[in-house]
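The values are calculated or read from the model by the stated rules, or taken from the named source; none is laboratory data. Because the structure is a prediction, the values reported are computed rather than measured. So basically every Cβ, Gly included, is an ideal-geometry build from the backbone, and we count neighbours across all protein chains shown. Protein only, heavy atoms only, side chains kept; ligands, DNA and RNA dropped before computing areas. Shrake-Rupley method; radii C 1.70, N 1.55, O 1.52, S 1.80 Å.
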Amino acid sequence: QVHFVESGGGLVQPGGSLTLSCAVSGSMFSLGFGSLYSMAWYRQAPGNQRELVATIDRGGDTNYSDSVKGRFTISRNNAENTVALQMNSLKPEDTAVYYCNAVRNAAPVFSSWGQGTQVTVSP
């Protein structure tokens with residue numbers, strides 16, 4: 001069983017920045033195999049489906065959705081089993097609950113999700 005704990009969200013004005021953090025624990029991660037997984041950040045806005053925002057693979061290569069490319073940066077610390085998302089130039093349409101999970105072929109690996117962290121971008 002894997003546990004995700006997301007943090008760092010909040011209320012920010014348009015153009016502002018936030019850094020989200022995700023701590024991962026349980027099973028493969030506690031045994032030191034967490035670095036084998038590609039990791040991702042997802043987000044879900046009210047009334048919308050959860051969408052993939054950013055991924056980082058075992059080698060550190062990253063990919064981003066078109067809506068956040070150039071503004072968001074995903075990173076990972078395998079020794080600490082954490083994944084971060086640096087968000088700059090935030091827009092109101094970035095408002096959502098943000099979640100992390102392992103990812104394979106753009107699909108989440110684990111069925112269990114954390115509580116997420118709310119990001120609200122508003123004047």
Net charge contributed by nearby residues that have their C-beta within less than 11 Å of D57 (K/R +1, D/E -1): +2
Return the loop-located chymotrypsin sites (Phe, Trp or Tyr not before Pro) in region 1-84 (DSSP other than H, G, I, E, B) with at most 11 other Cβ atoms within 10 Å of their own Cβ; answer none if there are none. F33
Virtual paramagnetic centre 7 Å along Cα→Cβ of V109, amide N under 20 Å, in region 62-87: 62-65, 74-85
Using a 1.4 Å probe on the protein heavy atoms only, what accessible surface does D66 show? Give it in Å² to the nearest 10. 130
Taking every other residue with Cβ under 9 Å from the Cβ of Y99 and scoring Lys and Arg +1, Asp and Glu -1, one gets +1
Helical mean residue ellipticity (222 nm; -39500 (n - 2.57) per DSSP H run of 4+; nearest 500) of the chain: -500 deg cm²/dmol
Using the Cα centre as the reference, give the magnitude of the dipole from point charges on the C-beta atoms of region 11-119 (Lys, Arg: +1; Asp, Glu: -1; all else neutral), rounded to the nearest 20 debye. 40
